[in-house]
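Notes follow once the structure below has been shown.
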Amino acid sequence: MRLGLASRAGLESLAVDAGAMLQMCLHFAITRLDAFNTSRSFMSEPPARTQEELFLKRILTMALALALLLLLPSTTPAQKKKRPAPTRRPAGEQAKPASAMDMRPEAQAVAEQIKNVTKFIFIYGKIVNGLEVAEDQAKRGEVTPAVAAKTQQSKQSLITSIRGLRTGIENVSKKLQANPRLQVQYLKLSYAAEAVASAEQLATAGRFDDAGKALTSVVERLTETLLAMRLL
């Protein structure tokens with residue numbers, strides 16, 4: 001029994017450490033992304049792929065790996081809680097193991113949203129680079145109507161993709177809302193939905209840098225939701 005409690009405490013400590021490290025990675029990525037966008041604004045034509053972009057991709061990849069790590073030990077504590085119940089408690093108190101509810105399906109759904117948003121952030125910068133260059137050329141009258149129409153189509157496609165991310169998060173949020181025992185997690189996930197909705201509005205207004213920051217904060221909110229599930 002003591003070994004089981006020690007093991008569980010160790011796993012929870014690992015989850016806390018992974019969650020803290022993940023939030024540090026995301027905070028660092030936001031800072032570097034802001035600095036990168038500032039420097040990019042002074043370039044007449046942005047490079048296809050810079051070392052800074054590759055570095056940010058590595059940071060976001062690490063963040064995704066840490067988010068998935070939070071799911072790994074989720075099965076062991078539940079199993080250890082169920083084993084001693086038949087022998088330690090009378091029959092009338094056997095309802096207590098229900099407190100160790102299996103949240104793996106919900107946690108997996110949240111992790112899937114982290115993966116979706118992170119993968120989108122990987123390509124977001126490159127898409128925005130092209131849009132900003134095209135819009136700048138359009139203001140100077142250097143593009144044909146056909147090119148301008150294609151740019152507008154690309155912008156609309158970007159907004160539609162962000163809207164799709166919002167829909168995915170909202171669908172998971174509805175499932176958590178329907179479970180009375182996951183209201184804390186539902187509240188945290190609703191913050192992620194608000195952040196991605198903000199990103200959609202900012203992108204629609206052409207504020208792509210601010211939209212990118214909002215998308216990065218979405219991953220932070222999703223991670224907080226996942227961590228709250230792990231420590232329930």
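Coordinate-derived values only; no laboratory data. Everything quoted here is computed from the prediction, not taken from an experiment. Heads up, the Cβs are rebuilt from the backbone with ideal geometry, glycines too, and the neighbour counts pull from every protein chain shown.
Kindly evaluate E170 against the criterion of being in contact with a helix residue (DSSP H, G or I) (Cβ under 8 Å, 6 or more places away or on another chain), of a type in the set (D, E) and closer than 19 Å to I123 by Cα. No; evaluated as a whole, the condition is false for this residue. Among the residues of segment 188-216, just one is over 12 Å from R163 (Cα atoms), hydroxyl-bearing (S, T, Y) and in contact (Cβ under 8 Å) with a residue 40 or more places away in the chain, namely T216.
Scanning segment 109-126 for residues that are in contact (Cβ under 8 Å) with a residue 60 or more places away in the chain, among the aliphatic types (A, V, I, L, M) and over 14 Å from V196 (Cβ atoms) yields A109, A111.
Scanning segment 120-153 for residues that are touching a helix residue (DSSP H, G or I) at 6+ places or on another chain (Cβ under 8 Å), loosely packed, with under 14 Cβ neighbours inside 10 Å and under 30 Å from L189 (Cβ atoms) returns a single hit, K126. Note on segment 171-190: residues that are surrounded by fewer than 18 Cβ atoms within 10 Å (Cβ to Cβ) and in a helix (DSSP H, G or I) total 10.
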